[in-house]
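Heads up: the structure comes next, in C-alpha cells.
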Amino acid sequence: MMQGKITAIEAQKRQRSRVNIHLDGAYAFSLDRLTAAWLQVGQELSADAVQKLQASDELEAAHARALNLLSYRARSQHEVEQFLQQKGYTPALSGQVLERLKEQGYLDDLRFAREWIENRNTFRPRSKRALRVELMRKGLENATIEAALEQSLPDDSASLLQAGLKLGKRYRGLPREEFQRKLAAALLRRGFAYAEVRETLPDLWSQLAPDSNTDTL
C-alpha cells in the first residue's frame, strides 16, 4: 500500500488547480489544491492517510463535476445521480455529493418541479397530466410532483386557454370547422381532456377568428 515521506508537492502544468504529490522521491498521486492544502514537504503519510486523501479528492472532483452540470440548467436529484453514476462514481460517493448539493441549496426537487411547471406555462402550456408525466421522467417522487402542481397549477382551465390562444394563431384564417378540428388535435397532444377542449373551442374561435375585434395576442 502507498505510504512514505512527502518529498515534493508540484503544481500540474495543465491543471493548475491540482498538484502532484511525490513520496520518497517518486511521483505517487495527484490531489486538488484544496485537499492538499495542509500537506507539507517532509510530512510522513501512512497508508490510511493516503487512502483518506484520495477519497476526499474523489469526492471534491465529483462535486465539481456536478456543479458544472448544474451551471447549464437546473436538474432534478435523479438526473444528477444518473450523471455521476455514468461518470463511474459509486452510489455511496454519489450519495455524499447529492447530500452536499442539497445542503448548499443547489438541489431541491420541489423547487425544480415548480420552475419546470412555470416555464412550461409561460412557453408551452400543457395539461397537468402531461406535466405529471414529464416530471415523473425526471425521476421526481409522486408527492413532490403533486405538491408542485397544487402550488403552481390548481387546475387546467387557465393552461388550456393559454395554450389554445398560442396554438390557435397557427390556424387563424381557416374556416371555423377546420380551425376547431386542428386546434383540438393540437390541444389533445398537449394532454388536455377532450371534453374540456371541446368546451373551450367556441371561446377560442371568438377570440381568434379573422373578424374578431380582439387582436392583442
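The values are calculated or read from the model by the stated rules, or taken from the named source; none is laboratory data. Bear in mind the structure is a predicted one, so any value in this text is a computation, not a measurement. Positions of Cβ are generated from backbone atoms using ideal geometry, with glycine treated the same way; all protein chains shown enter the neighbour counts. These area figures cover heavy atoms from the full protein model, side chains too; ligands, DNA and RNA do not enter into them. Shrake-Rupley method; radii C 1.70, N 1.55, O 1.52, S 1.80 Å.
Tabulated results
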| item | result |
| --- | --- |
| Fluctuation leader among Leu140, Leu165, Leu131 - the chain, Gaussian network, Cα springs under 10 angstrom | Leu165 |
| Crossing angle, helix 194-208 versus the chain [Cα axis fit, 0-90 degrees, rounded to tens] | 70 degrees |
| Solvent exposure of the range 58-217 as accessible area per residue, Å², 1.4 Å probe | 57 Å² |
| Geometric extent, Cα atoms of the range 8-60 - Rg, Dmax (angstrom) | 10.3, 29 |
| Nearest-10 value in Å² for the accessible area of Glu141, using the 1.4 Å probe | 130 Å² |
| HN-Hα J in Hz across the range 123-139 - Karplus 6.51, -1.76, 1.60, θ = phi - 60°, x for Gly and Pro | 10, 9, x, 8, 6, 4, 4, 5, 5, 4, 5, 4, 6, 5, 5, 7, x |
| Residue (of Thr35, Asn68, Ile21) at the positive-pole extreme of the range 1-74, dipole from beta-carbon charges | Asn68 |
| Residue-level accessible surface for Lys169, protein heavy atoms, 1.4 Å, Å² | 100 Å² |
| Tilt relative to the chain, helix 77-86 - C-alpha long axis, 0 to 90 degrees, to 10 | 50 degrees |
| Table column - 3J(HN,Hα) (Hz), the range 89-102, Karplus curve with 6.51, -1.76, 1.60, x for Gly and Pro | 7, 6, x, 5, 5, 4, x, 5, 5, 4, 5, 5, 5, 5 |
| Under 5 Å, built H, 5+ apart or other chain: amide partners of Leu45 | Gly4, Lys5, Ile6 |
| Residue with peak Gaussian network fluctuation, the chain [Cα springs, cutoff 10 Å], from Arg170, Arg14, Arg100 | Arg14 |
| Acute angle (nearest 10 degrees) that the helix 176-189 long axis makes with the longest principal axis of the chain, alpha-carbon atoms | 30 degrees |
| Range of Cα positions in the chain per principal axis (Å), largest first | 87, 35, 23 |
| Size of charge dipole - the range 116-217 - debye, nearest 20, with Cβ of Lys, Arg +1 and Asp, Glu -1, no other charges | 540 debye |
| Carbon plus sulfur fraction of accessible area for the range 104-150, probe 1.4 Å, in percent | 46 percent |
| Highest-MSF residue in the chain out of Arg16, Arg181, Arg111 [GNM, Cα springs under 10 Å] | Arg16 |
| Shape call, the range 42-157: gyration tensor on alpha carbons, a/c limit 1.5 | prolate |
